[in-house]
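Please treat every number below as a calculation from the coordinates, not as lab data. Quick caveat: nothing in here was measured; it's all calculated off a predicted structure. For neighbour counting, all protein chains shown are included, and Cβ atoms are generated from backbone atoms with ideal geometry for every residue, glycine included.
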Amino acid sequence: MSDARFFTINGESMSEVKPTPIPDSELDLERRVKQTPSFLGENLVIIAEQLDFPQIKGDAIDLVALAGDGSVVVIELKKGKSPSDVDFQAIKYASYISHLSADELGEIAATFLARTENKPIRDRVKELGVEISAGQVDLAQLLAAWFKRDITEYDSVINTRQRIAIVAEEFDARVALAIEWLARQGVQIAGIQYQEVQVGGTRLLSSRRVFPAVSLGRQFIASTKPGARAEPWKEDGKTYSTA
């Protein structure tokens, strides 16, 4: 759970309010993120949920989205602390989806939008003037309308890159370090921490990107090698001391 603290303001003084955690399920979180993907920190178009691959038994991606640059975003949601293998799980999912063509993704999007529970998303797509035909959605048209860009920007770029977003209330240290390392290798991956609480009569759901973070590596090194000084981290030409 996040260490966020809440206060009510009374003139120039404040009183701390103890929030009450809300025991919602992973499915509840998935439904909310599906309807409001900006919760993840950017504008995204959700095109699939619980996407499975018949030839690979037992694996299903929580949510799949498209970003403004045509990248496909694999979204893995975890209630509570992230399992120690969620990083590898998300990498597998990204590899599966990397083999799909834009037309195949358009078919997946059409199936997703046709579901009764996804009517609010379908209505928004229709309001943008995007045609949803039986079994197919033109993703270039959808992206151009959604992000207000020229359709030619999406020629041959849809799904040429994949990104990963792992969402959890708390991150296992091994997963956090794996996210850091993958990011340094050029993998587009982020760890997003969320907190759902009730303060007074108001329910609050917060999110923030916590990984990659330059401080994590030096903290880990310092804690695993007592008395030893690690090499400083460098990022964007800046040196960060390990002291």
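Ranking Thr116, Thr160 by Cβ neighbours within 10 Å, fewest first, what do you get? Could the numbers behind the result be given before it?
Working: Thr116 6, Thr160 12.
Exposure proxy ranking, most exposed first: Thr116, Thr160.
Where both bridge residues fall in the chain, DSSP classifies roughly 70% of the beta bridges as antiparallel.
The length gained by stretching the chain between Glu153 and Thr8 to full extension, at 0.36 nm per residue less their Cα-Cα distance, is 47.4 nm.
At 222 nm, what value in deg cm²/dmol follows for the chain if DSSP H runs of at least 4 each add -39500 (n - 2.57) and the sum is divided by all its residues, to the nearest 500? -9500 deg cm²/dmol, from helical runs alone. 3J(HN,Hα) couplings calculated from phi for the stretch 197-211 with the Karplus curve 6.51 cos²θ - 1.76 cosθ + 1.60 (θ = phi - 60°) are, in sequence order, 9, 10, 10, x, x, 10, 8, 10, 10, 10, 8, 7, 6, 10, 9 Hz; Gly and Pro show x. When Glu12, Glu180, Glu153 are arranged by Cβ crowding within 10 Å, least crowded first, meaning fewest neighbours, the order is Glu12, Glu153, Glu180.
Working note: Karplus 6.51/-1.76/1.60 with θ = phi - 60° gives the stretch 137-152 the couplings 10, 6, 5, 5, 5, 4, 5, 4, 6, 5, 9, 6, 10, 6, 4, 5 Hz, where Gly and Pro are set to x.
Fewest neighbouring Cβ atoms within 10 Å first, the residues Trp181, Trp146 line up as Trp181, Trp146.
Remark on Ile189: its backbone amide H falls under 5 Å from those of Ile164, a criterion applied only to residues 5 or more positions apart or on other chains, H modelled at 1.01 Å from N.
Close amide H contacts of Asp172 (hydrogens built in the peptide plane, cut-off under 5 Å, sequence separation of 5 or more or a different chain): Ser82.
Here the mean projected area of the convex hull built on the C-alpha positions of the stretch 41-144 is 7.4 nm². Distances between placed amide hydrogens fall under 5 Å for Ala48 paired with Val64, all partners being 5 or more residues away or on another chain.
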